[in-house]
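Accompanying notes for the structure given below.
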Amino acid sequence: MGSNVWIRNKENNKRKLLNGKRGVILKAAIFNGPQSMEVRDVPPLESNPNDLVLRVLSCGICGSDLHSMRTGDFVTPGQIMGHEFVGEVVEVGSNVEGIKNGDRVVGTSAAFCGECRWCKSGDFIYCPDLFNTAIGYGRPGGFSDFVRIENAVLNQTVFHVPEHLSNEEASLMEPLGVAALTVSQVHRQSNKRALVIGGGIIGNLVAQILKNEHDYDVAISEPSEIRRNKVYGVTHKINPFEEDLIKRLQNIWGEGKYHFGSGGMADLVIDCAGSKQTFIQALEAVRSKGVIGVVALPDQPVPVNLMRVVHKAPEIVGVLGSDMGEAIRLVKEDKVTLNTLVTHTYPLKNITEAFKVQQNTDASVKVVVNP
């Protein structure tokens, strides 16, 4: 993305939007602290000529939202969370081009400093200011009636939604973008055997992209039956609570011997679950000189056997961010199946229940809030 999109907007000519004179009462889910959220009235939004304001149609509950709800990480009390949203444009800033009122769009925004090493090198997502200004973290998010996208630029920070998608499916564009970015960062041309650990929405979509876009032989490790059953096109579905994951992989792809042990022969392992055990499993499952991708967020520090790292020498890649433009392409080219992945929808007033259901992996794949 061009730096002009991300550098902090200095303009001060803000104006009230949807104020009381129009008779609009804005409601949002407010994070009070770990395990505490409530829906209440919020002040009117403000916008400037570079912004869009959307009426939120659907907003998914992300794994990072669950992490924040459990631990309090990434957000502070008073925050409106939610970054997996689709909305109808209701206000277009005078400097925003190619978008009009009534358009259905997905998007995001963050205002980076423009001065740090990462901004100057174009790696904006590593700017230390990221979570101070990103939607759903430092800025009000999509668990609300309305959301504002700052510095909106079509096909960079804002994307039109394919017409055939429902609102619930459209809310999956942000996590699909995460999955697309993950695959783009860990795929190597010579690799064709992949283990995906975790069959939640990111793992599900990662597995589909690996299979449909790059023709991997894919195995998925997921204890939840509903989640295993909704991962399409995967050859090997493994319940790690009922069978030994490494032995099953050895039966599928052969034994991966290394200097002082024996593990799997997966060319690529992507940890989409984020627990102490799953990263340990990833180190055992990957072949020597293979690739491990880490996209999930563990709630606690993970113990690492550095002997495995030294003697197997895997390439370990942390993935942060979302490529929604690529997500739109995958949808248009029918590379992914989305229509059964949203298992539950809730109104904003029932968001606490929605979070509980999303946390229940035996009952849900994706839970979406519809303000």
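For the reader, a short list of remarks on this structure follows.
- Residue pairs whose Cβ atoms lie under 6 Å apart, separated by 6 or more positions or on different chains, with the first residue in the range 221-247 and touching a residue at least 24 places away in the same chain (Cβ under 8 Å) and the second of a type in the set (Gly, Ala, Ser) and in a helix (DSSP H, G or I), are Val231/Ala207; Val234/Ala207.
- Residue tally, condition within 12 Å of Arg148 (Cβ to Cβ) and not small (Gly, Ala, Ser), over the range 69-91: 5
- For the range 301-316, the criterion of being free of Cβ contacts under 8 Å to residues at least 40 places away in the same chain, part of a helix (DSSP H, G or I) and within 30 Å of Ser68 (Cα to Cα) is met by at least one residue.
- Qualifying residue in the range 32-45 (condition: without any contact (Cβ under 8 Å) to a residue 24 or more places away in the chain, open to solvent by 20 Å² or more (accessible area, probe 1.4 Å) and farther than 24 Å from Thr345 by Cα): yes
- Criterion violated by Arg329 - all others in (1) open to solvent by 60 Å² or more (accessible area, probe 1.4 Å); (2) more than 18 Å from the chain's Cα centre (by Cα); (3) closer than 24 Å to Tyr232 by Cα satisfied: (2)
- Taking the range 332-371 as the range and being hydroxyl-bearing (Ser, Thr, Tyr) and surrounded by fewer than 20 Cβ atoms within 10 Å (Cβ to Cβ) as the test, the residues that pass are Thr337, Thr340, Thr343, Thr345, Tyr346, Thr352, Thr361.
- Residue count for the range 76-97 satisfying the condition of being open to solvent by 10 Å² or more (accessible area, probe 1.4 Å) and of a type outside the set (Ser, Thr, Tyr): 12.
- Any hit, the range 204-225, residues being assigned to a helix (DSSP H, G or I), within 20 Å of Asp362 (Cα to Cα), of a type outside the set (Gly, Ala, Ser) and open to solvent by 50 Å² or more (accessible area, probe 1.4 Å): yes
- Phe85 part of a strand (DSSP E or B) and touching a Cys at 6+ places or on another chain (Cβ under 7 Å): yes
- Restricting the range 98-149 to residues that are open to solvent by less than 20 Å² (accessible area, probe 1.4 Å), polar (S, T, N, Q) and outside any helix (DSSP H, G or I) leaves a set whose member that is nearest to His67 (Cα to Cα) is Ser144.
- For beta carbons closer than 6 Å, sequence separation of 6+ or different chains, a first residue in the range 176-188 that is farther than 16 Å from Lys211 by Cβ and a second that is open to solvent by less than 10 Å² (accessible area, probe 1.4 Å) and of a type in the set (A, V, I, L, M), the qualifying pairs are Gly177/Ala327.
- Among (1) out of contact with any Leu (no Cβ under 9 Å at 6 or more places or on another chain); (2) assigned to a helix (DSSP H, G or I); (3) crowded, with 21+ Cβ neighbours inside 10 Å, the one test that Ala296 misses: (2)
- Of all positions in the range 174-195, none carries a residue that is at pLDDT 95 or above, assigned to a strand (DSSP E or B), buried (at least 24 other Cβ atoms within 10 Å of the Cβ) and β-branched (Val, Ile, Thr).
- So Val90, is it in a loop (DSSP other than H, G, I, E, B), farther than 22 Å from Leu172 by Cβ and β-branched (Val, Ile, Thr): no
The values are calculated or read from the model by the stated rules, or taken from the named source; none is laboratory data. Computed from a predicted model, the values in this text were never measured in an experiment. Cβ coordinates were reconstructed from backbone atoms using ideal geometry, including for glycine residues, and neighbour counts include every protein chain displayed. When the accessible area is computed, the model is the full protein with side chains, heavy atoms only, and any ligands, DNA or RNA have been set aside. Shrake-Rupley method; radii C 1.70, N 1.55, O 1.52, S 1.80 Å.
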